[in-house]
Amino acid sequence: MTNNLNTITNQAIALAGIAQAAALVRQLATTGKSDPDATEASIASILKIDSDTVEDIYGGLAGIKFGLEQLNRQMTGFDIADPEQARYAASLVFLEKQVSNRPDLMEVIGKGIEKAQRQSETFGLLHENVLANLGDIYHNTISTLQPRIMVNGEQHYLSRPDIVNKIRALLLAGIRSAILWKQCGGSRWKFLFFRKKLQTEVEALLQRI
């Protein structure tokens, strides 16, 4: 990416990417289904290694609309709208720090993503082979770090391998967005002190869609 990453717009988009992944994981774990357009955009973001702009990583602002809506909902008022979803998001940000400090894991993730890119060209982005590979990447790397993200939901969904793979792939997408959030100058203190500014930007981005 050639433009200046460190802008409030890019930070809001990356934060929405984290919120989108967390919300989709919550949907899958509790209902066995997830928003199809948002799921496709989040999974695709893992494979977008080189992009001209931050919004292009999600295929444009429309690809992150669900995440922007979720983020706006979570930032409105003093009470957290969905504590479980917020926990997933916070865990993703925390785990990103750990994985970024592990070049060995980053190398494994990079090679796995290259394989997933080739698979998606052959089978299509949401093919079970691609999702199984992305799920394996998460399981073999990020899942080995502490604390592990414990996903809560309906057991009959969480015992299905196809749903487990999709959940893991979406958690990997969440890590991708957390890396992006940091690249764009995002940090815990920035979220705390610029919360109102970030929410205003999220609302402005929703107006553009």
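The values are calculated or read from the model by the stated rules, or taken from the named source; none is laboratory data. As the structure is a prediction and not an experimental result, all values here were calculated from the model. All Cβ positions, even for glycine, are placed from backbone atoms using ideal geometry, and neighbour counts span all protein chains on display. Keep in mind that these areas ignore ligands, DNA and RNA; they rest on the heavy atoms of the full protein, side chains included. Shrake-Rupley method; radii C 1.70, N 1.55, O 1.52, S 1.80 Å.
Quick notes on this one:
- First in the range 108-137 and on the phi < 0 side of the Ramachandran plot and surrounded by 19 or more Cβ atoms within 10 Å (Cβ to Cβ), second anywhere and at pLDDT 95 or above and not in a helix (DSSP H, G or I), Cβ under 6 Å, 6 or more apart: ILE109/THR141
- Boolean, ASP79 is in a helix (DSSP H, G or I), open to solvent by 30 Å² or more (accessible area, probe 1.4 Å) and either of a type outside the set (Val, Ile, Thr) or at pLDDT 95 or above (or both): no
- The condition of being in contact with a helix residue (DSSP H, G or I) (Cβ under 7 Å, 6 or more places away or on another chain), small (Gly, Ala, Ser) and crowded, with 24+ Cβ neighbours inside 10 Å does not hold for ALA29.
- Residues that are part of a loop (DSSP other than H, G, I, E, B) and in contact (Cβ under 8 Å) with a residue 24 or more places away in the chain were ranked within the range 52-76; the one that is surrounded by the fewest Cβ atoms within 10 Å (Cβ to Cβ) is ASP52.
- Residues being in contact (Cβ under 8 Å) with a residue 40 or more places away in the chain and assigned to a helix (DSSP H, G or I) - total across the range 177-203: 17
- Taken over the range 151-179, the residue count meeting the criterion of being closer than 15 Å to ILE137 by Cβ and among the polar types (S, T, N, Q) is 1.
- Considering only residues in the range 82-105 that are surrounded by 15 or more Cβ atoms within 10 Å (Cβ to Cβ) and not in a helix (DSSP H, G or I), the one that is modelled with the highest pLDDT turns out to be ARG102.
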